[in-house]
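The values are calculated or read from the model by the stated rules, or taken from the named source; none is laboratory data. Remember, it's a predicted structure, so these values are computed and weren't measured experimentally. We place every Cβ from the backbone using ideal geometry, glycine too, and count neighbours over all the protein chains shown. Each accessible area value is taken on the protein alone, full model and side chains, heavy atoms only, with ligands, DNA and RNA left out. Shrake-Rupley method; radii C 1.70, N 1.55, O 1.52, S 1.80 Å.
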Amino acid sequence: MNKKFSTLVATLLLSGALVSVNATDVKTLADFKVNESTYIVTSVDDKTIVFQEDITLDGNTPYLVIDQKDLVIDGNGKTFTGRLVITADGVTVKNLKIVNKTTSNTSSYDKNAITVVAASVTILNNEIICEGGEGLLANGISIFPTKADATFSVKGNFIKNAASE
């Protein structure tokens, strides 16, 4: 599935409305594989990605779309600041510290640290820190099954500060 189509599908499903995010508003893991010959993420094989450095997305590209089936993303204890949108089946995200900075309550996709739009995903041993600010809510993990017989494994995750105080 190409980036623009998967972004549109994820956005429509997440928002429940006719709102779209342009392809320029998202990144994929390929965007972080090489940066001036320094690896930010390393591909162990075609199915395993290991973070080697922290990654921070900016307001112009707040989403990292994971659209490769059966991909394992090992955060390796590194920090990812932004939002993950998983649109492929069989994806595993583990050992990642995710900082979710919410600036608006207007759309649900602006509040989720991890959004899943798939039929099977594993989310294991991640730390999610929500930063919503006063009066704003930040969500940890939201799952939107795409099949009636969907299978999800979500365990060992720590979510801090999901609601404003």
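Pairs linking a residue in region 49-71 that is over 11 Å from residue 87 (Cα atoms) to a residue that is part of a loop (DSSP other than H, G, I, E, B) and of a type in the set (Ser, Thr, Tyr), with Cβ atoms under 6 Å and 6 or more positions apart or on different chains, are 52/39. What about residue 77, is it modelled with pLDDT under 90 and either of a type in the set (Asp, Glu) or not in a strand (DSSP E or B) (or both)? No; evaluated as a whole, the condition is false for this residue.
In this structure, is residue 41 of a type in the set (A, V, I, L, M) and open to solvent by 10 Å² or more (accessible area, probe 1.4 Å)? No: the conditions fail for residue 41.
The residues in region 128-155 that are in a strand (DSSP E or B) and at pLDDT below 95 can be counted, and the count is 10.
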